[in-house]
1. So, in the stretch 80-100, exactly how many residues are loosely packed, with under 15 Cβ neighbours inside 10 Å and within 10 Å of the chain's Cα centre (by Cα)?
2. Consider the stretch 1-51. How many of its residues are closer than 25 Å to residue 104 by Cα and either touching a helix residue (DSSP H, G or I) at 6+ places or on another chain (Cβ under 7 Å) or not in a loop (DSSP other than H, G, I, E, B) (or both)?
3. Residues in the stretch 63-79 that are crowded, with 18+ Cβ neighbours inside 10 Å and either outside any helix (DSSP H, G or I) or free of Cβ contacts under 8 Å to residues at least 60 places away in the same chain (or both): how many?
4. If residue 112 meets every condition in (1) part of a helix (DSSP H, G or I); (2) modelled with pLDDT under 95 apart from one, which number is that one?
5. Which count do you get for residues in the stretch 42-60 that are surrounded by 13 or more Cβ atoms within 10 Å (Cβ to Cβ) and over 11 Å from residue 26 (Cα atoms)?
């Protein structure tokens, strides 16, 4: 599947963001969460629980970027981007409703995630319609 320039830029932004955040949490969870005003202790179980989804986030970022490098991965890349950037803000919004207002840094992260989600939905909207891929691949050219 061939991607438009806008779709490529969107996957690039999505992939770099997810990969960077995932790797940062994996490498330095105390520093990452400290930037949100969250103090982590030395509880190995808690750190493991933070690093596991961070590895998943980094892997999703790699999938998003793979869609730029290989057209065979472009559909998987778009699904990965939509999954990450719709699920993260959804989880934060549930947290807002259930737990109350988090720090302004967390609200900033929510705003960034919503912005990337909107970018993804805008970039990939024409591919989300039922039959969109069949219509584009079933075009017949007459000589």
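1. Qualifying residue count for the region: 2.
2. 30
3. Here is the first cut: in the stretch 63-79, the ones crowded, with 18+ Cβ neighbours inside 10 Å are 63-65, 67, 73-74, 77-78.
Adding the requirement that they be either outside any helix (DSSP H, G or I) or free of Cβ contacts under 8 Å to residues at least 60 places away in the same chain (or both) leaves 63-65, 73.
The number of residues fulfilling the criteria is 4.
4. The failed condition is (2).
5. Adding up the residues that qualify gives 2.
The values are calculated or read from the model by the stated rules, or taken from the named source; none is laboratory data. Given the structure is predicted, the values throughout are model-derived calculations rather than measurements. Every residue, glycine as well, gets a Cβ built from its backbone with ideal geometry; the counts of neighbours run over all protein chains shown.
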